1. Does L357 qualify as being free of Cβ contacts under 8 Å to residues at least 24 places away in the same chain and under 22 Å from P259 (Cα atoms)?
2. Please work out if R385 is surrounded by fewer than 22 Cβ atoms within 10 Å (Cβ to Cβ), free of Cβ contacts under 8 Å to residues at least 40 places away in the same chain and over 19 Å from the mean Cα position of the chain (by Cα).
3. Hey, can you tell me all the residues within the range 358-405 that are part of a loop (DSSP other than H, G, I, E, B) and either among the polar types (S, T, N, Q) or in contact with a strand residue (DSSP E or B) (Cβ under 9 Å, 6 or more places away or on another chain) (or both)?
4. Can you tell me which residue is farthest from V258 (Cα to Cα) among those in the range 150-178 that are touching a helix residue (DSSP H, G or I) at 6+ places or on another chain (Cβ under 9 Å) and not in a helix (DSSP H, G or I)?
5. Quick check, is A330 out of contact with any strand residue (DSSP E or B) (no Cβ under 7 Å at 6 or more places or on another chain) and crowded, with 22+ Cβ neighbours inside 10 Å?
6. Please find, among V241, V236, the residue that is touching a residue at least 24 places away in the same chain (Cβ under 8 Å) and not in a helix (DSSP H, G or I).
7. Kindly indicate whether V110 is within 21 Å of the chain's Cα centre (by Cα), at pLDDT 95 or above and not basic (K, R).
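The values are calculated or read from the model by the stated rules, or taken from the named source; none is laboratory data. What you see is a predicted model, and the numbers here were worked out from it, not measured in a lab. Note that each Cβ is placed from the backbone with ideal geometry, even for glycine, and that neighbours are counted across all protein chains shown.
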Amino acid sequence: MSSDSEKYLEHDDTLRASIDRSLRHPVMFFFTSGAAWLAVAILLGIISSAKVHSPEFLASYSWLTYGRVFVAHQSALVYGWGCQAAFGMIIWLMARLSRQECRAAGTILVAGHVWNLVVSLGVIGILAGGGTGVPFMEMPSFTWIPMLLCYVAITIWSMVQFKVRPVGHTYISQWYLLAAMIWFPWIFASANILVFGFDGSPLGAAGVSAWFHSALLLMFFVPIGIGMAYYLIPKVTGRPVYNYSLSLTGFWTLAIIVPWAGLQKLTGAPIPNFLPYLGAFATILFGVPAAISGINLVKTAAASGDMVAKSPTLRFTVTGVISLLILGAAAVLLNAPGVMKITQFTISGYGFDLLALYGFFSFIAFGAIYFIVPRITRREWLSRRLIKMHFFLSVYGVGGIVLIALFGGLMQGVGQENFAQPWEDAAGRAFPYAVFTTMAWIILLLSNFFFFIHLTLMWLRLGRRSSHPTLLVEPHHESPHGPEGDIDNVGPATAH
């Protein structure tokens with residue numbers, strides 16, 4: 001290797017280390033507090049699921065009724081875990097790709113603490129009976145303005161970093177991250193202003209809520225997950241994206257299609273008849289960018305099968321990408337006209353939400369955390385067994401819930417459509433699925449316990465000191481610096 005190349009690599013290593021050092025506290029704060037909220041969300045999910053098949057469970061506590069616990073569970077999952085995991089990935093990846101240190105770590109940390117305080121007050125408000133009753137916007141209406149301000153304070157610096165980055169190639173990961181960062185304040189502010197800022201029609205508020213529900217999943221969590229996967233898979237495998245033109249096609253089809261989705265939830269409501277079918281058609285077409293991105297990423301990872309089996313990052317990320325393909329297929333199936341009228345008022349919609357939030361986004365986030373945390377703490381993960389337990393328990397748990405909800409919703413819908421039978425028959429069809437859902441949530445709680453403890457120990461920097469994060473394989477199979485450590489030196493052109 002020439003001396004110029006050695007100097008470039010040395011400078012590149014120094015720059016990456018300085019970027020990681022500047023982001024250690026805010027990134028670790030978002031990941032760790034997000035993991036704590038995930039545990040809260042899972043615990044609330046267990047309680048709400050148990051109440052479906054055992055209504056007497058905790059029946060003496062008014063603040064733990066099903067109507068309150070279930071929406072508190074959703075809010076904790078979306079805003080406590082999902083948004084904070086997204087914040088950690090956004091600020092780290094945008095700094096890395098823009099090659100800029102973070103100079104506002106203190107501001108981001110303060111905004112992160114305020115975000116957690118507001119979400120805590122919102123969840124407590126729901127349990128106290130102060131929820132709004134608007135799906136995915138259940139927290140008391142006073143929360144949305146401080147949350148929007150916190151979001152701006154957290155992400156504005158990533159936009160500045162992108163603006164002042166060295167002139168060069170814009171990576172596909174940056175396209176997705178920037179789109180999500182711009183879309184979130186648009187959909188969040190628009191929905192809250194239209195629902196809570198104006199005293200309008202309840203039917204109009206229901207339409208806005210349905211659009212917001214879909215947009216938050218498909219225009220914020222999905223692009224962040226895809227963007228992170230487009231970074232992690234090429235970076236760890238050391239192979240370029242299978243087809244870069246396909247990645248751009250996937251981005252633009254997503255940007256054009258998904259803003260129209262959501263109103264299919266109001267099928268049968270007194271609104272123009274074409275609007276629900278437009279929403280259903282757009283959601284069906286979401287299968288196109290999901291398939292494009294999923295196949296492109298799977299093809300990228302397929303040439304490195306051994307590494308996928310060994311790398312914690314790739315194991316979670318590829319599983320998340322496969323969930324993206326399943327999510328696209330589920331969007332097509334559930335929104336077909338013949339199926340939509342059956343599943344509209346069943347648990348199938350909940351299964352779709354969990355497939356997007358946990359099966360896809362959360363698995364990508366777990367893969368990102370296993371990649372990012374050793375680099376910003378300069379410590380190795382303590383136990384490969386804890387990571388394996390986290391992975392397999394997560395797969396079993398979320399796979400069970402999604403399959404049960406999707407299939408159980410179909411069976412429940414068939415019962416609802418059978419008008420010759422009493423309503424109790426349709427409700428009774430959901431009973432065994434609720435029991436299995438509770439068991440699956442317990443598995444996920446155990447999985448997240450291992451994850452949270454492991455992550456907290458890393459935040460306390462109790463892992464073995466190392467400048468090269470390793471693949472956690474048996475010692476006699478491990479290279480001196482670890483394969484993942486060597487791969488981290490792959491240049492940007494190869495990584496994308």
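1. For L357, the condition - free of Cβ contacts under 8 Å to residues at least 24 places away in the same chain and under 22 Å from P259 (Cα atoms) - is not met.
2. yes
3. Filtering the range 358-405 for residues part of a loop (DSSP other than H, G, I, E, B) gives 378, 380-383.
Within the range 358-405, R378, E380, S383 qualify.
4. Checking each candidate, the answer is P166.
5. So A330 fits the description; yes.
6. Result of the check over V241, V236: V241.
7. no
Listed here are the residues, each with its yes/no results for (1) in contact (Cβ under 8 Å) with a residue 12 or more places away in the chain; (2) in a helix (DSSP H, G or I); (3) crowded, with 20+ Cβ neighbours inside 10 Å.
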{"position": "A35", "(1), (2), (3)": "yes, yes, yes"}
{"position": "S49", "(1), (2), (3)": "yes, yes, yes"}
{"position": "E56", "(1), (2), (3)": "no, no, no"}
{"position": "W63", "(1), (2), (3)": "yes, yes, no"}
{"position": "R68", "(1), (2), (3)": "yes, yes, yes"}
{"position": "A72", "(1), (2), (3)": "yes, yes, yes"}
